[in-house]
Amino acid sequence: GAVVSQHPSRVICKSGTSVKIECRSLDFQATTMFWYRQFPKQSLMLMATSNEGSKATYEQGVEKDKFLINHASLTLSTLTVTSAHPEDSSFYICSAPRESLAGGVQFFGPGTRLTVL
Amino acid sequence: GNSVTQMEGPVTLSEEAFLTINCTYTATGYPSLFWYVQYPGEGLQLLLKATKADDKGSNKGFEATYRKETTSFHLEKGSVQVSDSAVYFCALKIFTSGTYKYIFGTGTRLKVLA
């Protein structure tokens, strides 16, 4: 079964509103989670690394004031897209590495499709 | 810098054909290498991995060998099925700036026809 969940799976919002996406590790603790953005027919682009108990680390070119990340607990990270605009429409995916497994394995959430009207 | 390059798709094959999806990488240090698969409407799933040079990862009939000399991790399967139709991502994992990061290729869409 799924070990990383995301909620919601799909959201449609009006331009200017904020949207919160949750990412949960279901049966393991994750001190680190990753947030990606996937454009159609393109790769996953790492947006930021969410760190439990400290600030998120953002990749170059990602606006941290626009994409707020909070790693509230060892099983929950949230991504809030603030003042969303149509260009923010995308597929957002989170992942949590389970380093306790040999070589480390990263488990992905099913993704959240955001459509901003 | 660190990067992953995959062959462009889509790749269209008939059932039972041989599959190769090329993947090469550049990385500082010694990365772990992965293939992930994304079936239609689903999230990414780990297909196979290799953590050091000459390791061979295998799963569900798919194989890939970590070739340090050619910096490659090509995915192969001897006989594809319609159910293998999906997008395949090559990825590397590196330790940088005090944390692990995963870098993905652009993905290769595979379409298998009955």
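The values are calculated or read from the model by the stated rules, or taken from the named source; none is laboratory data. Predicted model only: the values in this text are computed from it and were never measured. FYI the Cβ positions are ideal-geometry reconstructions off the backbone, even for glycines, and counts take in every protein chain you see. Surface accessibility is based on the protein's heavy atoms, side chains included, excluding ligands, DNA and RNA. Shrake-Rupley method; radii C 1.70, N 1.55, O 1.52, S 1.80 Å.
Quick test of your reading of the structure: residue B:52 fulfils all but one of (1) among the basic types (Lys, Arg); (2) facing chain A (nearest Cβ under 8 Å); (3) assigned to a loop (DSSP other than H, G, I, E, B). Name the failing condition by number.
(2)
Residues in region B:72-105 that are of a type in the set (Ser, Thr, Tyr) and open to solvent by 50 Å² or more (accessible area, probe 1.4 Å): how many?
Pass one, region B:72-105, residues of a type in the set (Ser, Thr, Tyr): B:72, B:79, B:83, B:85, B:88, B:96-97, B:99-100, B:102.
If we keep only those that are open to solvent by 50 Å² or more (accessible area, probe 1.4 Å) too, we end up with B:83, B:97, B:100.
So the count comes out to 3.
So which of B:73, B:89 is among the aromatic types (Phe, Trp, Tyr), more than 11 Å from chain A (Cβ to nearest Cβ) and closer than 29 Å to residue A:92 by Cα? Spell out how you get there, then give the answer.
Working: B:89 fails: more than 11 Å from chain A (Cβ to nearest Cβ).
So the residue among B:73, B:89 that is among the aromatic types (Phe, Trp, Tyr), more than 11 Å from chain A (Cβ to nearest Cβ) and closer than 29 Å to residue A:92 by Cα is B:73.
One residue is enough: does region A:102-115 have a residue meeting the conditions in a loop (DSSP other than H, G, I, E, B) and more than 10 Å from every other protein chain (Cβ to nearest Cβ)? Give the derivation first.
Step one: list which residues in region A:102-115 are in a loop (DSSP other than H, G, I, E, B), which gives A:102-104, A:109-111.
From what's left, more than 10 Å from every other protein chain (Cβ to nearest Cβ): none.
Checking region A:102-115: not a single residue is in a loop (DSSP other than H, G, I, E, B) and more than 10 Å from every other protein chain (Cβ to nearest Cβ).
What are the residues in region B:45-68 that are farther than 12 Å from residue B:30 by Cα and open to solvent by 10 Å² or more (accessible area, probe 1.4 Å), if any?
Taking region B:45-68 first, the residues farther than 12 Å from residue B:30 by Cα are B:45-49, B:54-65.
Answer for region B:45-68, where residues must be farther than 12 Å from residue B:30 by Cα and open to solvent by 10 Å² or more (accessible area, probe 1.4 Å): B:45, B:46, B:49, B:54, B:55, B:56, B:58, B:59, B:60, B:61, B:63, B:65.
Can residue B:61 be described as within 14 Å of another protein chain (Cβ to nearest Cβ) and closer than 24 Å to residue A:108 by Cβ?
Working: within 14 Å of another protein chain (Cβ to nearest Cβ): no; closer than 24 Å to residue A:108 by Cβ: yes.
In short, no.
Does residue A:81 satisfy the condition of being under 20 Å from residue B:45 (Cβ atoms) and buried (at least 16 other Cβ atoms within 10 Å of the Cβ)? So that I can check it myself, show each step before the final result.
Details: under 20 Å from residue B:45 (Cβ atoms): no; buried (at least 16 other Cβ atoms within 10 Å of the Cβ): yes.
No.
I'd like to verify a number: residues in region A:70-84 that are at pLDDT 95 or above and out of contact with any Cys (no Cβ under 8 Å at 6 or more places or on another chain), how many?
4
Consider only pairs whose beta carbons are under 9 Å apart and that are at least six residues apart or on different chains; among these, list those whose first residue lies in region A:100-113 and is at negative phi and whose second residue is modelled with pLDDT under 85 and charged (D, E, K, R).
A:105/A:98; A:105/A:99; A:106/A:98; A:107/A:98; A:110/B:42
Being in contact with a strand residue (DSSP E or B) (Cβ under 6 Å, 6 or more places away or on another chain) and open to solvent by less than 70 Å² (accessible area, probe 1.4 Å) is the filter; apply it to region A:16-31 and report the residue that is farthest from the other protein chains (Cβ to nearest Cβ).
Applying the filter and picking the extreme gives A:19.
Please work out which one of (1) open to solvent by less than 40 Å² (accessible area, probe 1.4 Å); (2) within 11 Å of another protein chain (Cβ to nearest Cβ); (3) in contact with a Leu (Cβ under 9 Å, 6 or more places away or on another chain); (4) touching a residue at least 60 places away in the same chain (Cβ under 8 Å) is the condition residue A:91 fails and give its number.
For residue A:91, the exception is condition (4).
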